Amino acid sequence: MSPLLAVLEFEHPWRLIWLAIAPVIVYFAIRSWTLASPRRRVASLVCRLLVLTLTILASAGLVRRGPSSQRMVVFATDISRSVTGSRQVAEQFIAAARQTQGSHRAAFVSFGGKPGAITDQPQPVDETLDAHASDPAAALQLAAGAIPADCVPHIVLLTDGHQTHGDLARAAVGIGVPVAVVPLPPFADPEVCVTELIAPVEVTPGADVPLEVVIRANVATTGTLELLRNGESVARSDVALTAGENRVRLETPLGDGPAAEAATFAVRLTADLDTVIENNQRRAKVVAGRRTRVLLADMDPAAMASFSDVLSSQGAEVTVQRPGQLAADSDALDAFDTLILSDVSSKDLNAAQLEAIGRYVHDLGGGLMVVGGEKTFGEAVFHDTPLERLLPVTAAAAATETERSVLAMVLIIDRSGSMEQDRRLDLAKEAAQQSVRVLDAHDKAGVIAFSDDAEWIAPLATVADKADLLQRIATLTAYGQTNMYQSVVRAVLALEQTVADRRHIILLTDGIPSPGDYREIAGRMAAGGITLSTVSISEGAEQDMLQEMAAIARGRHQHCNDPSDVPRILVQETRVVAAAESHREFRPFALRTLPGLDIASAPPLLAYARTNPKPDAEPLLFAVAGHPLLCWWRHGAGVTLALTSDLENRRSGRWQAWPGYGAFWERLVRHVARQPQPSLLRLTANRDGDSIAVTADLLASDGRYASGARLTATVVGLDGESHKRDLAPIAPGRYRAQFPVRSDVLGEYEIRVRSEDAAEPPTAVRTVFIDYPDELRLPDADEAILRRVAETTGGVFQPDPASVFAPDSRTVDRVLPLWSYLLTVALLLFVADVALRRLRF
């Protein structure tokens, strides 16, 4: 077969049947012959036959089919706001690619929230397109559909990959056209964006709200972050931002008082290097949970008014009763999260009440806090009682008159080279030995010597073996400089970790010590209940500093011009401290503290009840002689706590005036109180593009998933109108619905979900904020999706402009209709036929 015939086809081959009329044409042509010459008659007949044949071939749709490598390239260009600074990059790429266009075809489309019209020439930015959104998937599908079948298809996608609508990766799979991806830098200019304000949905009433601000920047810069609560500025701080993700943590009260029920928090950022300011704010709404319910029992409820006010100011809901009014039914007590017994002993409660309290704690998980002195924890009223079995402490024997308190004393002795003069070191050793002899065997003593460094000559321990301690002191020799600070720090640390009624330091030096924060370490002594006596020898000693240290640590300073006075003065100081009465003012010693429990700034106490901790208990604060002041443990499902000091008496008055008094009790109540039971209805609501996805988990009262329930969600939109619909079950106990929203319109949506099946249906509320269009969110520098589009479609990532129109191995079948050519020839032959028949030559 001829190659020409091999590429010729008919679209309507059945019309070739009309060629059968050719004999009729011949017949009538012969019948109509005139007197013309035979040549003209034959030529006319041939023209008529060709006209007929060509017309029938044109009617039958004669086409020529063959391969073609002509390309059609569609340039899809992103014009959204995230690539505003990169538009010149796109224009330059397109101009460079068109220089090699040749005979190939090109088309152009711009897209933002939706694609524009396909044009054959690059157009200026279409202002009618929504630049606050980006839908590259729709642009890709439009570009693929615009390429005719007789051209080799090719798409060049110029975008940053930041899509607010559609699914670019999924669209790339279905178009079947190679896509060359030209990545445009998002936010090419300096840009800072507040991407999230992370806040808890619900907080404990009166507690601070923890907030975390997530800031993304593409350049290192500085700025100012402002926190607003219900539109009013509550905090402002300077921030230093690095390129990438930055996180700033803040804390602020929910409102002006514990009665605050909800607040809308907003953060605003002002950066030194920034281009778009609309994306510099975020909002979040926080609500107060149920207030902690406290039942306070005291023999004198009127005396508890101030303490009740303290608890109320920290967000608790307080009910005050006499011990005799307490319910003898654990179910009645179950209405409260914490029971506080103030100055109440077991004999103030009957057996039914004590049994109810035990079940309330052990079985129902309630919290019990018992606070009091000897009237509550004294051995006679506390030992072997139901309260003792509930609490983490046991009764201790009362102190006898002959029982003496424990003194822990550290001697700090200068052993620098200057101490060799005038036998100063020998006299200091003699003074130290005489001071040790004054102490009783149950007291504790330690000796530190300092020169170039600090060294424990005798570690802090009881002085039962005085001979060994005296021998250690006798080994001291002089050398080096006066490096005193580290010796003081070591002495303070040792005394803070020892159990004693009184803690004291005697510091002896003859020179000017090396630099150190002596004022701070003296303040630390005062805060820890450690007293300090300072003794200086010679006129060259730094007396002003020593006097100031002694004053801060509630001690005294003495100076010796004559070194021979040193033994007398040290013995005198030791006797004064040893003779101090045992029931003196003391500061609680914190063995361990709860997070948020500040005890360092608390004032001293004067009285406490002697108890001992149980083996499984956890003491937090100690009083003198190693007795626990604050101790807790777990008892069954609940927690009990013992505080062995009265709330309302003259000896705790300084604590009641302490600024941290309310926060102290709030932290203890929060630790002991039964944790609120989670709601049976848990709700999450998140915006996903042009919709809000609402997901609810519903539990039955027995903790199982509640299937078959009917949940409805009501969304209050920006216009104030409510839109309600049912949530569809998607898994056991899980329900879901979606509400359409306009992501380009700023505002807030309130979502309220409730169950329609219960008599008292649980409800849950969430608020979703649209603070700025998603297009203005500074994205991660992630080109993975763009690379995936190129790989999926067989295109190229970051192509060379010269390769866009370069032919490849792909061809397409091009069908060339021949009817126009056939009819043109037929028309010319028709004219020739007429001329042959009508004209005479």
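Before moving on, here are some points about what is shown:
- Verdict on R524 being touching a residue at least 12 places away in the same chain (Cβ under 8 Å), within 30 Å of L668 (Cα to Cα) and touching a Ser or Thr at 6+ places or on another chain (Cβ under 8 Å): no
- Residue in the range 223-232 that is open to solvent by less than 20 Å² (accessible area, probe 1.4 Å), in contact with an Asp or Glu (Cβ under 9 Å, 6 or more places away or on another chain) and either at pLDDT 90 or above or not small (G, A, S) (or both) present: yes
- Restricting the first member to the range 204-217 and to residues that are at positive phi and of a type outside the set (V, I, T), and the second to residues that are buried (at least 20 other Cβ atoms within 10 Å of the Cβ) and modelled with pLDDT under 90, the beta-carbon pairs closer than 6 Å and six or more apart or on different chains are G206/P258; G206/Q314; G206/G315.
- Looking across D343, D334, one residue alone is among the charged types (D, E, K, R), in contact (Cβ under 8 Å) with a residue 12 or more places away in the chain and more than 30 Å from P253 (Cα to Cα). It is D343.
A quick yes/no check of all residues on (1) assigned to a loop (DSSP other than H, G, I, E, B); (2) without any contact (Cβ under 8 Å) to a residue 24 or more places away in the chain; (3) open to solvent by less than 30 Å² (accessible area, probe 1.4 Å):
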| site | (1), (2), (3) |
| --- | --- |
| A97 | no, no, yes |
| A106 | no, no, yes |
| Q121 | yes, yes, no |
| L129 | yes, no, yes |
| A137 | no, no, yes |
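- Among the conditions (1) at pLDDT 70 or above; (2) open to solvent by 50 Å² or more (accessible area, probe 1.4 Å), R654 misses just one, which is (1).
- Filter pass, P799 being open to solvent by 30 Å² or more (accessible area, probe 1.4 Å), closer than 30 Å to Q70 by Cβ, at pLDDT 80 or above and in a loop (DSSP other than H, G, I, E, B): no
- Within the range 488-522, considering residues that are among the basic types (K, R) and in contact with a helix residue (DSSP H, G or I) (Cβ under 8 Å, 6 or more places away or on another chain), the one nearest to P459 (Cα to Cα): R503
- Those helices (runs of 4 or more DSSP H) of the range 377-464 in which at least 3 residues are of a type in the set (A, V, I, L, M), considering only elements entirely within it, cover 424-438.
- Filter result for the condition that a residue is within 21 Å of L591 (Cβ to Cβ) and surrounded by fewer than 24 Cβ atoms within 10 Å (Cβ to Cβ), over Q497, Q543, Q547: Q497
- Identity of the residue in the range 404-432, touching a helix residue (DSSP H, G or I) at 6+ places or on another chain (Cβ under 6 Å) and open to solvent by 40 Å² or more (accessible area, probe 1.4 Å), that ends up farthest from V576 (Cα to Cα): D422
- For L727: the one exception among (1) open to solvent by less than 20 Å² (accessible area, probe 1.4 Å); (2) under 26 Å from S134 (Cα atoms); (3) not polar (S, T, N, Q): (2)
- Checking each residue in the range 237-264 for being more than 26 Å from P779 (Cα to Cα) and of a type outside the set (S, T, Y) picks out E251, P253, L254, G255, D256, G257, P258, A259, A260, E261, A262, A263.
- Scanning the range 477-494 for residues that are part of a helix (DSSP H, G or I) and surrounded by fewer than 18 Cβ atoms within 10 Å (Cβ to Cβ) returns Y485, Q486, V489, L493.
- Taken together, the criteria place I340 among residues that are open to solvent by less than 50 Å² (accessible area, probe 1.4 Å), at negative phi and assigned to a strand (DSSP E or B).
To keep it simple, each residue is scored yes or no on (1) within 23 Å of R568 (Cα to Cα); (2) at pLDDT below 85; (3) of a type in the set (V, I, T).
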{"residue": "L427", "(1), (2), (3)": "yes, yes, no"}
{"residue": "V447", "(1), (2), (3)": "yes, no, yes"}
{"residue": "P459", "(1), (2), (3)": "no, no, no"}
{"residue": "Q497", "(1), (2), (3)": "no, no, no"}
{"residue": "I506", "(1), (2), (3)": "yes, no, yes"}
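- If you go through the range 288-304 and keep only what is in contact with a strand residue (DSSP E or B) (Cβ under 8 Å, 6 or more places away or on another chain), open to solvent by 50 Å² or more (accessible area, probe 1.4 Å) and either touching a residue at least 60 places away in the same chain (Cβ under 8 Å) or not in a strand (DSSP E or B) (or both), you end up with just R291.
- Taken over the range 538-559, residues that are at pLDDT 80 or above and among the basic types (K, R) amount to 1.
- Residues that are part of a strand (DSSP E or B) and open to solvent by 20 Å² or more (accessible area, probe 1.4 Å) were ranked within the range 39-70; the one that is nearest to P153 (Cα to Cα) is P67.
- Looking across R766, R736, R777, one residue alone is modelled with pLDDT of 85 or more, closer than 30 Å to E278 by Cβ and in contact with a Leu (Cβ under 7 Å, 6 or more places away or on another chain). It is R766.
- Which listed residue, of G365, G417, G358, is touching a residue at least 60 places away in the same chain (Cβ under 8 Å) and farther than 30 Å from L546 by Cα: G365
- G244 fulfils the conditions (1) closer than 26 Å to D774 by Cα; (2) open to solvent by 70 Å² or more (accessible area, probe 1.4 Å) except for a single criterion, (2).
- Residue match in the range 753-772 (condition: out of contact with any strand residue (DSSP E or B) (no Cβ under 7 Å at 6 or more places or on another chain) and among the aromatic types (F, W, Y)): yes
- Here E791, E748, E783 are screened, and the one residue that is open to solvent by 50 Å² or more (accessible area, probe 1.4 Å) and within 24 Å of V287 (Cα to Cα) is E748.
- Qualifying residues in the range 179-213 (those that are among the acidic types (D, E) and open to solvent by 60 Å² or more (accessible area, probe 1.4 Å)) - the one farthest from R777 (Cα to Cα): D208
- Residues (among the hydroxyl-bearing types (S, T, Y) and either more than 46 Å from the chain's Cα centre (by Cα) or part of a strand (DSSP E or B) (or both)) located in the range 500-535: T509, T531, S533, T534
- Selected residue (only one of L296, L273 is aliphatic (A, V, I, L, M), at pLDDT 85 or above and under 23 Å from R216 (Cβ atoms)): L273
- Hits in the range 152-178 (condition: at positive phi and open to solvent by 30 Å² or more (accessible area, probe 1.4 Å)): G166, G176
The values are calculated or read from the model by the stated rules, or taken from the named source; none is laboratory data. Quick caveat: nothing in here was measured; it's all calculated off a predicted structure. Note that we place each Cβ from the backbone using ideal geometry, even for glycine, and neighbour counts take in every protein chain shown. We work out accessible area using only protein heavy atoms, side chains counted, and drop any ligands, DNA or RNA first. Shrake-Rupley method; radii C 1.70, N 1.55, O 1.52, S 1.80 Å.
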